[in-house]
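Only one structure is covered here, and it is reproduced in the block below.
The values are calculated or read from the model by the stated rules, or taken from the named source; none is laboratory data. As the structure is a computational prediction, the values presented were derived from the model and not from experiment. Counting neighbours? That spans all protein chains shown, and the Cβs are built from the backbone with ideal geometry, glycine included.
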Amino acid sequence: MIHDQSVARSRMVAEQLEEAGIDDRRVLHVMREVPRHVFVPKLLRHRAYHGCALPIGYDQTISQPFIVGLMSALLELDGTQHVLEVGTGSGYQAAILSRLARSVVTAERVEPLALRASKILEELGCANVEVYASDASDAVPERGPYDAIIVTACADKLPSPLFHHLREGGVLVIPIGQGEQQTLYRYRKTAAEPIIERSVACRFVPLLTGVVRKENHA
């Protein structure tokens with residue numbers, strides 16, 4: 001089974017990332033190593049390495065591997081950065097980032113998801129990741145500023161408070177739009193106007209505020 005999962009990850013990287021043009025060698029290596037299936041509900045683990053998003057409960061999803069790889073590559077991480085992730089979800093993206101960055105702070109507004117992700121990340125030995133049950137409204141400011149920020153939910157415009165927590169020269173990767181009209185953007189912070197780069201069309205759940213503390217549905 002372990003061998004089968006390793007083979008599935010290698011095929012996932014080759015067919016879903018490399019063939020799509022993602023060529024960041026560090027990202028490709030890490031995505032061959034991190035076990036995506038442990039972040040997926042047990043009933044869906046047979047689809048863990050398919051090229052699609054999967055539900056994880058609480059109206060949230062684990063993003064398709066291509067999007068995880070693309071967003072990771074857009075951050076341009078070399079192992080020295082302090083990174084903020086808004087929207088922990090399953091914890092899979094945070095696990096990828098933990099192997100690409102010096103340290104990761106990840107915030108999840110649905111507390112049960114934050115607790116679940118924290119447990120899995122701990123079991124995988126991701127000691128440089130801090131998980132907070134928090135939303136994007138404060139961006140865990142006491143742990144900033146950040147060299148890079150990744151937002152795994154869609155906003156209708158660039159959230160100014162998040163951009164404020166970014167160091168000069170840092171990048172923020174976020175989907176912008178509404179409904180089915182969403183596009184992935186990279187914003188680079190400079191002394192003048194931010195440098196804005198448009199990436200691909202995408203589909204994310206909306207970026208919301210307010211922390212969900214109670215168990216409701218899985």
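Observations on the model:
- Of all residues in the range 131-146, those satisfying the criterion of being part of a strand (DSSP E or B) and crowded, with 22+ Cβ neighbours inside 10 Å are 131, 146.
- Residues of the range 157-173 satisfying the condition of being closer than 14 Å to residue 82 by Cβ and in a strand (DSSP E or B): 166, 167, 168, 169, 170, 171, 172
- Residue count for the range 195-218, restricted to those that are at pLDDT below 80 and either of a type outside the set (D, E, K, R) or surrounded by 12 or more Cβ atoms within 10 Å (Cβ to Cβ) (or both): 5
- Helices (runs of 4 or more DSSP H) within the range 1-109 that include 1 or more residues at pLDDT below 95 and farther than 18 Å from residue 148 by Cβ: 2-12
- Residue 178 being free of Cβ contacts under 8 Å to residues at least 60 places away in the same chain, more than 23 Å from residue 76 (Cα to Cα) and among the polar types (S, T, N, Q): yes
- Top-ranked residue of the range 191-212 - restricted to ones that are part of a strand (DSSP E or B) and among the hydrophobic types (A, V, I, L, M, F, W, C), ranked as farthest from residue 17 (Cα to Cα): 212
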